[in-house]
1. Toward the positive end of the charge dipole of the range 290-474, about the Cα centre and with charges on Cβ (Lys, Arg +1; Asp, Glu -1), which of Gly309, Met339, Ala402 goes farthest?
2. Say R0 is 45 Å: what FRET efficiency, to the nearest 0.05, do Gln126 and Asp14 get from their beta-carbon distance?
3. Once both labels are modelled 7 Å past Cα along the beta-carbon direction, what's the Asp475-Thr418 spacing in nm?
4. According to a simple spin-label model (label point 7 Å from Cα along Cα-to-Cβ), what is the distance in nm between Ile117 and Ala402?
5. Reported to two decimal places, what Rg/Rh ratio describes the range 5-284 when computed on Cα atoms with Rh from the Kirkwood expression?
6. Within the set of other residues whose C-beta is less than 13 Å from the C-beta of Trp432, count the net charge using Lys and Arg as +1 and Asp and Glu as -1.
7. Label 7 Å along Cα→Cβ of Ala335; the range 376-404 residues with amide nitrogen under 19 Å?
8. Just name one of His443, Tyr353, Pro421: the one whose Cα is farthest towards the positive end of the charge dipole of the range 306-455 (beta-carbon charges, Lys/Arg +1, Asp/Glu -1).
Amino acid sequence: MPRTGQDYLHSIRDGRVIYLDGQLIEESVDHPAFRNAARTIAGLYDFQSAPGNGDLMTFESPSGGGAVNRFWQLPKSYEELVKRREAITAWAELTYGFLGRSPDHVGSCLAGMVMGIDVFENHSPQRARALLDYYEYVRDRDLFVTYVIANPRSDHSKAVGQQEEDQFLIAAISDEDSEGITIKGAKMLGTSAVIADEVLVATGQPLRAGEEMYAFCAAVPMNAKGLKILPRKSYEAAAVSQFDNPLSTNLDENDAVLYFDEVKVPWDRVFVYKDPEMCRAMFNDAPTHMFQNYQAQIRLSVKTRFLLGVARKIAEVNGILSIPEVSGKLGYLAAKTGMMEGMVKGMEAGGRYYGEYFLPDRKLLYSAQVLGQQFYPELVFMVRDLSGANLIMMPPSVQDFANPETAAFIEKTQRSPTVDPKDKVKLFKLAWDAVGSEFASRHAQYEMFYSGGEFVTRGRSFNNYDWDNVTDLVDGLLGSYDL
């Protein structure tokens, strides 16, 4: 049987160490700051195991481990890539695209690593074997793996190895023996770390010669001895009710700094060892970065469709849909949203083989990253623009409907030509949680910087575009005539 929500919730009741608001959290699964998000993840697993969803969501593990989610599948054809995307889309629609670090994200990262196992074998046959064994382990158990690949730095003008105040500010190999390595220091951004089964520890930043102690990749259970989880403020805990905060109540995946206080990692969980060049190659020479971001673009296309739906509903409720300027704005947003969806399908149609595996088109993927990074804040602004003052002139909470006197005022002041006052308030409470709340601001920041700063994503687009294809056209014309 595929993994169920109950299987998942049971697995993360594992004694992990979490500190929130200065307090040690004994049981995160039932804590008000995390319990709803954990049950949202459980709902994803229940969806994949529900009758009738098996073919959509799962495939048989090649090792005979039973049915597991399709995001673990290593596609060997265009058809398998599309079926994989359909499963990822179905999960993303359950959370409206607001879970950036659902289990299929880092699962896709690990799939990309394994499809590029030749890159790891060139680094070390032992480390490659460890990666293959680990992939089979997490795949057959359908585990939720997150990652920490960013480094906390006190001085961003200096390289990783130049943070003078503490060589172990950033997680590094502090010791090793015949059993494994010891990690000491911090990593971030541990999105969903509080509610994941395991964490992949790596680095997404370029490393230089002399920084070998930071140049590793390893997998660690979230309850590993010495691992401290330090999450940010919980938007879930601050949510008033589902009516008032329909997204942040259930979809706050949280982000955390992870501090490795002399965490021992056995060799069979170490995939890169003291090799700065391999830290680059594992993401860029193997299809790792490309495959994990293909998943991210599928999720983002669902999220933009959801926000487009919110924009359309706002225009209807405000009675402004027939105004040409408004319908024109919605048409523009629909075109951009359609473009995002079309680029995902274009990546598949233009895919190519990497060995025996069929991968999405790299050029279109990195083009979509640049455009999506620009479109998301534009879409958020347009939703706010269509909403006007309605976003802020809402009753403070659902409790105002329980008082006959304030309910009467709501009935008089929250009018709409298409819905009753309760449903108008309900829509704008949703819109605020999506584009205006603290939860929404975190999402705007996430979508703008999750894949790197603008110069990073544009650089990837530049480096992966087929420039010969366009310059040959120009050279062909220039070469066809002379003085």
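Any read-out appearing in this document is the output of simple, stated calculations on the displayed coordinates, not a laboratory observation. The shown structure was predicted, so the numbers you read here are calculated from the model rather than taken from an experiment. Neighbour counts run over all protein chains shown; Cβ positions are idealised from the backbone, glycine included.
1. Ala402
2. Values: r = 28 Å, r/R0 = 0.63.
The calculated FRET efficiency here is 0.95.
3. Placing both labels 7 Å along Cα→Cβ, they lie 5.4 nm apart.
4. Distance between the two pseudo-spin positions: 5.8 nm.
5. Numbers: Rg = 18.8 Å, Rh = 19.5 Å.
When Rh is taken as the Kirkwood radius, the ratio is 0.97.
6. Working: positive: Arg384, Lys424, Lys426, Lys429; negative: Asp244, Asp433, Glu438.
Cβ neighbours under 13 Å give a net charge of +1.
7. Answer for this model: 376-383, 386.
8. Value: Tyr353.
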